[in-house]
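Structure first, commentary second.
The values are calculated or read from the model by the stated rules, or taken from the named source; none is laboratory data. Keep in mind that what you see is a predicted model, and the values were worked out from it rather than measured. With ideal geometry, Cβ positions are generated from the backbone for all residues, glycine too; neighbour counts draw on all protein chains shown.
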Ligand code: AMP
Ligand code: MG
């Protein structure tokens, strides 16, 4: 068992703490730190021990590649080929920020982190603590979401502690993640960029910079996914989650009927909803993601809501659908996956 050291943002000014973070990373050990999307579990990208530690500690399938994080766009040139002219414009518009670009990798990037692929995902995070960690380390850091594989990503320090206390060397507390959903993943190897995972940087936003952006979604059985992460169950709470979509009053009626059925069988039921409907459901375990017209608040609370359902230890979970606003695609993408695509349309 590891005696995990915890720091907060202001500790990073201390020489002693900087030294600890740097030597921990350079010796192939793990440091969890906040980013603007979700918390990341970081290892030195060129340390095979560090990378193996990430896969082990997360329980992540070894063909699901890791994103390399670097402190600025200049730092990426030893690692990737900038194949397309539009990449520079995307860098200027969206970095640092919640956009991962998938490039053709150079020899210097170990295939261990790319799941054997000839491409690598790179992101420059904007969060000041993530920036500090990258500056202190002064090497590329792989930092997948800081959750045990298959569980909802962690957007709070407490949630990181739940999954990784005594399993990593250092955890840095940065409060609540702003965005609350993982980065948009964009393949920039071809003439036209392709969204592999939707995020808060949307197709419409990207198309203000490049004329056309394609989307790739879902993976059929036996098909090789463009983004290996797409084939795995993700973000899932322990209870069985169903999304209920449709006219508000019909949704409330449907969920309350289900609650009654489950209660008759002595099962616990949770509901994930927005402000407007919190008083409508006949169960104690209701989690309010906030005002549905503020999609940024729904996004930043989604994983907290899913994890809250685990704390409530409910057997069944019903969530309303969240439509409207530019974050909706990313929100519903994560919710569909969390529900393993179980959706009732009324
Ligand atoms: P996470 O770091 O946990 O947010 O997950 C990273 C996501 O980016 C996963 O869905 C990966 O499959 C995807 N990804 C990372 N690198 C690549 C790559 N080289 N090509 C395609 N998808 C990638
Ligand atoms: Mg993840």
Hey, residue 62 surrounded by fewer than 15 Cβ atoms within 10 Å (Cβ to Cβ), within 10 Å of ligand 1 (Cβ to nearest atom) and under 20 Å from residue 197 (Cα atoms) or not: no
Some residue of region 45-66 being within 17 Å of the chain's Cα centre (by Cα), assigned to a strand (DSSP E or B) and within 14 Å of ligand 2 (Cβ to nearest atom): no
Filter result for residue 67 (within 21 Å of residue 166 (Cβ to Cβ) and either surrounded by 20 or more Cβ atoms within 10 Å (Cβ to Cβ) or touching a strand residue (DSSP E or B) at 6+ places or on another chain (Cβ under 7 Å) (or both)): no
Residues of region 149-177 that turn out to be within 19 Å of residue 51 (Cβ to Cβ) and at pLDDT below 95, as a count: 1
Hits in region 185-206 (condition: closer than 19 Å to residue 295 by Cβ and more than 16 Å from ligand 1 (Cβ to nearest atom)): 202, 203, 204, 205, 206
Residue within region 15-34 that is assigned to a strand (DSSP E or B) and either modelled with pLDDT under 95 or surrounded by fewer than 20 Cβ atoms within 10 Å (Cβ to Cβ) (or both) present: no
Matching strands (runs of 3 or more DSSP E) fully within region 235-346 where at least 1 residues are buried (at least 20 other Cβ atoms within 10 Å of the Cβ): 240-245, 269-273, 285-288, 316-320
Top-ranked residue of region 82-119 - restricted to ones that are away from ligand 2 (no atom under 16 Å from the Cβ), without any contact (Cβ under 8 Å) to a residue 60 or more places away in the chain and under 18 Å from the mean Cα position of the chain (by Cα), ranked as surrounded by the fewest Cβ atoms within 10 Å (Cβ to Cβ): 95
